[in-house]
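Accompanying notes for the structure given below.
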Amino acid sequence: MRVIAKSTLKRFRERPTYRDARGPLESWHEEAIKAIWASPQAVKDQYANASICGRNRVVFNIGGNKYRLVVEMQYQAGIAWVKFIGTHAQYDKINVETVNDY
């Protein structure tokens, strides 16, 4: 997959409060760029705990479920577009289907 908005992940993990997210986010990114997710089921096959949501959004649990990563999948184009990364408390305040950026 082509991951769009890697800068969003970088900005998040470089903040002092979230430095512990660096390793897990880098691991997710490395796995994502090697993945061929042609459908929501393909994502679930690799990440059983991922949540498939409306508008082709997928929520990944990051760092032992400490953080939530929302990605819009464009399966046919092979694109995973990062829409949000945050803590559970931050995630609880957003609408997964409409959030556009961190």
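The values are calculated or read from the model by the stated rules, or taken from the named source; none is laboratory data. Quantities reported herein were computed from a predicted structural model and do not represent experimental measurements. We work out accessible area using only protein heavy atoms, side chains counted, and drop any ligands, DNA or RNA first. Shrake-Rupley method; radii C 1.70, N 1.55, O 1.52, S 1.80 Å.
In Å³ and rounded to a whole number, note down the convex hull volume per residue for the Cα atoms of the stretch 1-60. Mind dumping the intermediate values first?
Values: hull volume 5.7 nm³, N = 60.
Output value, Cα hull per residue: 94 Å³.
Express in Å², to the nearest 10, the accessible area of ILE4 obtained by rolling a 1.4 Å probe over the protein heavy atoms while all chains stay in place.
Accessible area, nearest 10 Å²: 50 Å².
State the Cα centre-to-centre distance between the stretch 14-36 and the stretch 82-102 in whole Å.
That distance is 16 Å.
If I stretch the segment between THR17 and CYS53 completely, what's the gain in nm (0.36 nm per residue apart, minus their alpha carbon distance), one decimal?
Values: separation 36, 0.36 × 36 = 12.96 nm, distance 2.79 nm.
Result: 10.2 nm gained on full extension.
Per residue, how much accessible surface does the chain expose to a 1.4 Å probe? Answer in Å², no decimals.
Per residue, the chain has 55 Å² of solvent-accessible surface.
Taking the chain as the region of interest, what is the percent of Cα-Cα pairs per 10 angstrom bin, listed from the shortest bin to the one with the maximum distance?
Spelled out per bin, shortest first, that is 16, 55, 28, 2.
Run the accessible area of the chain with a 1.4 Å probe and give the carbon-and-sulfur part as a rounded percent.
Working: 2630 of 5600 Å².
After summing per-atom areas, the C and S share lands at 47 percent.
For the chain, what is the mean residue ellipticity at 222 nm derived from helices alone (per DSSP H run of n ≥ 4: -39500 (n - 2.57); sum divided by total residues; nearest 500 deg cm²/dmol)? List each step's numbers first, then the result.
Working: 4 runs with 33 residues, N = 102.
So the helix-based figure for the chain works out to -9000 deg cm²/dmol.
For the stretch 29-68, just say rounded, prolate or oblate: build the C-alpha gyration tensor, square-root its eigenvalues into a ≥ b ≥ c, call rounded for a/c under 1.5, and beyond that prolate if a/b exceeds b/c, oblate if not.
On the way: a/c = 1.81, a/b = 1.16, b/c = 1.55.
In terms of gyration-tensor shape, oblate.
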